[in-house]
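Notes for the one structure printed next.
The values are calculated or read from the model by the stated rules, or taken from the named source; none is laboratory data. On a predicted model such as this, the values are computed, not experimentally measured, just so you know. When we count neighbours, we look across all protein chains shown, and the Cβ atoms used for this are built from the backbone with ideal geometry, even at glycine.
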Amino acid sequence: MTGKLVTVFGGSGFIGRHVVRHLAARGWRVRLAVRDIEQAGFLRPAGNLGQISAVPTTITSDASVAAAVKGADAVINLVGVLYERGKRTFQALHVDGARRIAAAAKAAGATHLIHVSALGADAASPSKYARSKAAGEAAVHGAFPGATILRPSVVFGSEDRFFNMFGAMAQISPVLPYFTNTVPHAPGGGGSKFQPVYVGDVAEAIVGAVSGEAHAGRTYELSGPKVYDMKEILQIVNRETMRKCQIWGMPYLIAHINAVFLQFLPTPLLTPDQVKLLKLGSVASGRAPGLEAFGITPTPVELIVPTYLKRFRPVQQTKKIRSAGKLPAA
């Protein structure tokens with residue numbers, strides 16, 4: 001392979017796997033910097049023989065990160081966590097890790113650094129997660145001034161943890177709850193607002209940013225074409241899973257109480273910090289360019305989500321749909 005080399009941190013994750021496939025299709029040689037190279041093995045067939053490789057990397061180690069970016073023309077940082085566990089803290093990954101990657105990329109002579117942050121990153125946010133994302137952006141700019149910062153909203157796609165989580169809930173629960181500070185049936189009572197963005201569009205933007213000079217040193221907000229409140233999102237889930245769940249609005253106090261206990265699960269369903277983040281929602285501010293700056297038309301939720309939420313439909317409904325599509329016997 002003679003193409004340029006890009007090192008991708010977090011390349012085996014939800015967004016990462018799409019980014020890797022897009023990069024390979026554009027002829028990049030891709031080096032995956034991951035904790036477990038065995039778990040990243042599924043991505044090797046996404047490229048030609050030898051085009052995609054993986055190296056074990058610990059982003060808390062200067063030497064490990066430096067080895068991962070050695071010889072790279074570009075570096076992409078997709079590392080992020082939604083909750084803290086042990087040494088995997090927001091400070092260690094979102095701030096210190098981001099700074100370490102940026103500094104190593106600069107020292108290695110990489111021409112491009114793409115840092116994926118989050119919509120709502122704010123040093124003054126009540127959410128520790130959002131504050132750490134803002135601190136990470138500042139750390140990256142300090143070490144690599146020409147870095148491109150991308151702030152996606154809630155990202156959806158067939159492997160997402162957003163619509164799929166609610167789809168799974170619809171299978172087992174007669175009620176889909178959401179939280180609101182307003183009377184549920186009053187105007188504005190639909191809960192926090194979100195502007196979900198398709199993972200394929202995010203991947204295209206990342207590849208666009210890493211392939212040219214126009215986006216260096218700039219920050220972008222990546223969001224979809226439509227804003228939904230939580231009630232509307234659950235209505236989509238109900239419709240596409242062909243369920244008849246009751247959609248109940250509840251005060252945020254209940255979310256806070258539940259989060260105190262749910263945060264201790266191996267994979268927390270909700271943490272107190274996530275409740276703070278949930279209340280803020282995730283909608284583009286309009287103060288930064290978006291997908292249009294990359295020549296991308298945002299993909300609607302309604303075009304993609306039905307293709308994977310159908311897995312949560314009742315078996316009898318799926319059989320009816322299949323039967324309806326069959327031709328009558330001769």
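Looking at the stretch 177-221, which of its residues are more than 25 Å from His141 (Cβ to Cβ), out of contact with any Gly (no Cβ under 7 Å at 6 or more places or on another chain) and assigned to a strand (DSSP E or B)?
If the condition is that a residue be more than 25 Å from His141 (Cβ to Cβ), out of contact with any Gly (no Cβ under 7 Å at 6 or more places or on another chain) and assigned to a strand (DSSP E or B), then Pro177 is the only one that fits.
Out of all the residues in the stretch 44-63, is one or more modelled with pLDDT of 95 or more and either under 30 Å from Gly286 (Cβ atoms) or in a helix (DSSP H, G or I) (or both)?
Taking every residue of the stretch 44-63 in turn, at least one turns out to be modelled with pLDDT of 95 or more and either under 30 Å from Gly286 (Cβ atoms) or in a helix (DSSP H, G or I) (or both).
Quick one: how many residues across the stretch 140-172 are over 24 Å from Lys226 (Cα atoms) and surrounded by 22 or more Cβ atoms within 10 Å (Cβ to Cβ)?
4
If you scan the stretch 234-249, which residues turn out to be polar (S, T, N, Q) and either in a helix (DSSP H, G or I) or surrounded by fewer than 17 Cβ atoms within 10 Å (Cβ to Cβ) (or both)? Reasoning before the result, please.
Initially, the stretch 234-249 is screened for residues polar (S, T, N, Q), giving 235, 238, 241, 246.
Those that are polar (S, T, N, Q) and either in a helix (DSSP H, G or I) or surrounded by fewer than 17 Cβ atoms within 10 Å (Cβ to Cβ) (or both): Gln235, Asn238, Gln246.
Mind checking which residues of the stretch 285-320 are surrounded by fewer than 13 Cβ atoms within 10 Å (Cβ to Cβ), in a helix (DSSP H, G or I) and at pLDDT 95 or above?
Of everything in the stretch 285-320, those that are surrounded by fewer than 13 Cβ atoms within 10 Å (Cβ to Cβ), in a helix (DSSP H, G or I) and at pLDDT 95 or above turn out to be Glu292, Glu302, Leu303, Thr307.
If the requirement is being under 21 Å from Glu213 (Cα atoms), in contact with a Phe, Trp or Tyr (Cβ under 8 Å, 6 or more places away or on another chain), modelled with pLDDT of 95 or more and outside any loop (DSSP other than H, G, I, E, B), which of these qualifies: Val30, Val6? Walk me through it before giving the result.
Details: Val30 fails: in contact with a Phe, Trp or Tyr (Cβ under 8 Å, 6 or more places away or on another chain).
Result: Val6 is the single residue among Val30, Val6 that is under 21 Å from Glu213 (Cα atoms), in contact with a Phe, Trp or Tyr (Cβ under 8 Å, 6 or more places away or on another chain), modelled with pLDDT of 95 or more and outside any loop (DSSP other than H, G, I, E, B).
Just for the stretch 153-176: of the residues that are outside any helix (DSSP H, G or I) and β-branched (Val, Ile, Thr), which one is farthest from the chain's Cα centre (by Cα)?
Restricting attention to the stretch 153-176, the residues satisfying the condition of being outside any helix (DSSP H, G or I) are 153-162, 173-176.
If we keep only those that are β-branched (Val, Ile, Thr) as well, we get 154-155, 175.
Values: Val154: 6, Val155: 5, Val175: 26 Å.
In this case the residue turns out to be Val175.
Could you grab me the full set of residues in the stretch 106-140 that are more than 21 Å from the chain's Cα centre (by Cα), outside any loop (DSSP other than H, G, I, E, B) and free of Cβ contacts under 8 Å to residues at least 40 places away in the same chain?
Matches in the stretch 106-140: Lys106 only.
So, Lys231, is that one touching a residue at least 24 places away in the same chain (Cβ under 8 Å), outside any strand (DSSP E or B) and out of contact with any helix residue (DSSP H, G or I) (no Cβ under 9 Å at 6 or more places or on another chain) or not? Explain how you work it out, then say what you get.
On the way: touching a residue at least 24 places away in the same chain (Cβ under 8 Å): yes; outside any strand (DSSP E or B): yes; out of contact with any helix residue (DSSP H, G or I) (no Cβ under 9 Å at 6 or more places or on another chain): yes.
Considered against the rule, which asks whether it is touching a residue at least 24 places away in the same chain (Cβ under 8 Å), outside any strand (DSSP E or B) and out of contact with any helix residue (DSSP H, G or I) (no Cβ under 9 Å at 6 or more places or on another chain), Lys231 comes out as yes.
Among the residues of the stretch 28-41, what is the count of those that are in contact (Cβ under 8 Å) with a residue 12 or more places away in the chain and surrounded by fewer than 17 Cβ atoms within 10 Å (Cβ to Cβ)?
Pass one, the stretch 28-41, residues in contact (Cβ under 8 Å) with a residue 12 or more places away in the chain: 28-37, 39-41.
Next, only the ones that are surrounded by fewer than 17 Cβ atoms within 10 Å (Cβ to Cβ) stay: 35-37, 39, 41.
Residues meeting the conditions: 5.
What residue, of Val55, Val6, is out of contact with any Gly (no Cβ under 7 Å at 6 or more places or on another chain) and closer than 26 Å to Ser153 by Cα?
Numbers: Val55 fails: closer than 26 Å to Ser153 by Cα.
The unique qualifying residue is Val6.
As an exercise: evaluate Tyr252 against (1) buried (at least 20 other Cβ atoms within 10 Å of the Cβ); (2) in contact with a strand residue (DSSP E or B) (Cβ under 6 Å, 6 or more places away or on another chain) and give the number of the one condition it does not meet.
Only one criterion is unmet by Tyr252, namely (1).
State which residue pairs qualify: first residue under 16 Å from Ser127 (Cβ atoms) and touching a residue at least 24 places away in the same chain (Cβ under 8 Å) and inside the stretch 253-265, second residue surrounded by 12 or more Cβ atoms within 10 Å (Cβ to Cβ) and of a type in the set (A, V, I, L, M) in any location, beta carbons under 9 Å apart, and separation of 6 or more residues or different chains.
From residues that are under 16 Å from Ser127 (Cβ atoms) and touching a residue at least 24 places away in the same chain (Cβ under 8 Å), the pairs are Ala255/Leu270; Ala255/Val275; Ala255/Leu278; Gln263/Leu269; Gln263/Leu270.
Thr271: under 29 Å from Arg151 (Cβ atoms) and either modelled with pLDDT under 95 or touching a Lys or Arg at 6+ places or on another chain (Cβ under 7 Å) (or both), yes or no?
Values: under 29 Å from Arg151 (Cβ atoms): yes; either modelled with pLDDT under 95 or touching a Lys or Arg at 6+ places or on another chain (Cβ under 7 Å) (or both): no.
Against the criterion (under 29 Å from Arg151 (Cβ atoms) and either modelled with pLDDT under 95 or touching a Lys or Arg at 6+ places or on another chain (Cβ under 7 Å) (or both)), Thr271 does not qualify.
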